[in-house]
Amino acid sequence: MALLYDCLIIGGGIAGLQAAIQLGRYRHTILVIDSNSGRSNICRAYHNILGWPDGVSGPDLRRMGRAQAEACGVEFVQAEVTHASLHDETFRVETSTGAIHQAKNILIATGLVDRIPDIEGIHSCLGASVYVCPDCDGYEIIGHPTVVIGSGDIGAHMALTLSYWCDDLTYIDHERTGIDSAHREELQNKRIPYIDVPVQQVLADGPAVSGVELANGRRMQFERGFVAFGGNVVRSQLAVDLGVTVLKNKHIPVDARTKETNVQGVWAAGDVVAHSEQVTISMGDGAQAAIWIHKRLMKHS
């Protein structure tokens, strides 16, 4: 008979790891199932975390977090959860490896995946000099010529948002979907050039972006970049399988205090939740959810 864990944590990113550490310190039986494909894998340096003024990469934070959780007795498996269900107050998940795991509680920390077109050269710069989140990395473009590569009004909005930090911006509408008159006027007022030619290649020296080459052969020099395409995939389908209510944008609403969903025993934390997508907030989400999972376990022990 399969081991009945106190909690299964689906997702080994920042929220999932913080929850695992907290629950491990409570000495509960915890299994983290991680596909190793989360958003934190692409970040080369978080610079806005207390205690890391010189930055810490997502992969390093994940590596340290896993080691810390394992030292507390937390187990890990690398797999993708393909289905989740509830039977007689026991949660059951099936993985891509064919394994089946069961638990009294389930924490969904599956995050989201940014939609980034496969432009030549862009992936070597992601998280190092080309960014996705202005709240995280807008500060990094101060004093640097910056390109925004995006799609239509979404990219235009990103460029306007970034004008708070930088007055040397260019917006390239890579998908050529066009922008409305209001965005066009705002870009003109901010003196942000609008280019509706696709990007052929991101030019880079290792992880440092140096410019772009457009589909018409034109080359432009930049020192920083942002991408803004919209259509990010929120990984909340497992929650839906369990009867959890999700919002129109697929994010999961949770109780602000406990992080529990509308289904008892199903909790959610991190970027899959409806909140500001910040690593520090994900840490707090994970810790908060773990505290209340522990309270629930103690109530039922």
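The values are calculated or read from the model by the stated rules, or taken from the named source; none is laboratory data. Everything numeric in this text was worked out from a predicted model, so none of it was measured. FYI the Cβ positions are ideal-geometry reconstructions off the backbone, even for glycines, and counts take in every protein chain you see. Ligands, DNA and RNA are excluded from the accessible area calculation, which covers all protein heavy atoms including side chains. Shrake-Rupley method; radii C 1.70, N 1.55, O 1.52, S 1.80 Å.
Taken over the stretch 160-184, the residue count meeting the criterion of being closer than 14 Å to Asp196 by Cα, in contact (Cβ under 8 Å) with a residue 40 or more places away in the chain and not charged (D, E, K, R) is 3. Here Glu70, Glu80 are screened, and the one residue that is of a type outside the set (S, T, N, Q) and more than 24 Å from Thr280 (Cβ to Cβ) is Glu80. Of all residues in the stretch 52-79, those being loosely packed, with under 15 Cβ neighbours inside 10 Å and closer than 14 Å to Asn36 by Cα number 3. Among residues belonging to the stretch 291-301 that are more than 21 Å from Ser85 (Cβ to Cβ) and in contact (Cβ under 8 Å) with a residue 40 or more places away in the chain, point out the one that is surrounded by the fewest Cβ atoms within 10 Å (Cβ to Cβ). The qualifying residue surrounded by the fewest Cβ atoms within 10 Å (Cβ to Cβ) is Ile291.
Quick check: anything in the stretch 38-45 modelled with pLDDT of 95 or more, farther than 12 Å from Ile9 by Cβ, in a loop (DSSP other than H, G, I, E, B) and among the basic types (Lys, Arg)? So far as the stretch 38-45 goes, no, none of its residues is modelled with pLDDT of 95 or more, farther than 12 Å from Ile9 by Cβ, in a loop (DSSP other than H, G, I, E, B) and among the basic types (Lys, Arg). Pairs only if they're at least six apart or on different chains, beta carbon under 6 angstrom, first in the stretch 40-63 and over 16 Å from Tyr139 (Cα atoms), second open to solvent by 70 Å² or more (accessible area, probe 1.4 Å) and part of a loop (DSSP other than H, G, I, E, B); list them, first residue then second. Note: pairs meeting the criteria are Ser57/Arg44. With respect to (1) outside any loop (DSSP other than H, G, I, E, B); (2) open to solvent by 30 Å² or more (accessible area, probe 1.4 Å); (3) polar (S, T, N, Q); (4) touching a residue at least 40 places away in the same chain (Cβ under 8 Å), the lone exception for Gln288 is condition (4). When Leu17, Leu23 are checked against the criterion of being more than 24 Å from Val234 (Cα to Cα), among the hydrophobic types (A, V, I, L, M, F, W, C) and not in a loop (DSSP other than H, G, I, E, B), Leu23 stands alone in meeting it.
Among residues of the stretch 134-147 that are closer than 11 Å to Cys166 by Cα, those with a beta-carbon under 8 Å from a residue that is β-branched (Val, Ile, Thr) and open to solvent by 20 Å² or more (accessible area, probe 1.4 Å) at least six positions away or on a different chain give the pairs Gly138/Thr161.
Cβ-Cβ contacts under 6 Å between residues 6 or more apart (or on different chains), taken from a first residue in the stretch 229-246 that is on the phi > 0 side of the Ramachandran plot to a second residue that is surrounded by fewer than 18 Cβ atoms within 10 Å (Cβ to Cβ) and basic (Lys, Arg), are listed as Gly231/Arg115.
One line per residue, one yes/no per condition, for (1) among the small types (Gly, Ala, Ser); (2) over 22 Å from Gly121 (Cβ atoms):
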| residue | (1), (2) |
| --- | --- |
| Ile149 | no, no |
| Ser163 | yes, yes |
| Asp168 | no, no |
| His174 | no, no |
| Leu187 | no, yes |
| Ile195 | no, no |
| Pro198 | no, no |
| Asp205 | no, no |
| Val209 | no, no |
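Can you name the residue in the stretch 207-262 that is assigned to a loop (DSSP other than H, G, I, E, B) and farther than 29 Å from Thr110 by Cβ and, of all such residues, is least open to solvent (accessible area, probe 1.4 Å)? In this case the residue turns out to be Phe222. Taken together, Asp180, Asp153 contain a single residue that is within 20 Å of Ile116 (Cβ to Cβ) and modelled with pLDDT of 95 or more, which is Asp153. Highlighted here are the helices (runs of 4 or more DSSP H) found entirely within the stretch 119-200 that include at least 1 residues which are over 20 Å from the mean Cα position of the chain (by Cα) and either among the hydrophobic types (A, V, I, L, M, F, W, C) or crowded, with 16+ Cβ neighbours inside 10 Å (or both): 152-162, 181-189.
Of the residues making up the stretch 39-48, at least one is more than 25 Å from Gln237 (Cα to Cα) and open to solvent by 70 Å² or more (accessible area, probe 1.4 Å).
Kindly check whether there is at least one residue in the stretch 19-27 that is without any contact (Cβ under 8 Å) to a residue 60 or more places away in the chain and among the aromatic types (Phe, Trp, Tyr). No, every residue in the stretch 19-27 fails to be without any contact (Cβ under 8 Å) to a residue 60 or more places away in the chain and among the aromatic types (Phe, Trp, Tyr).
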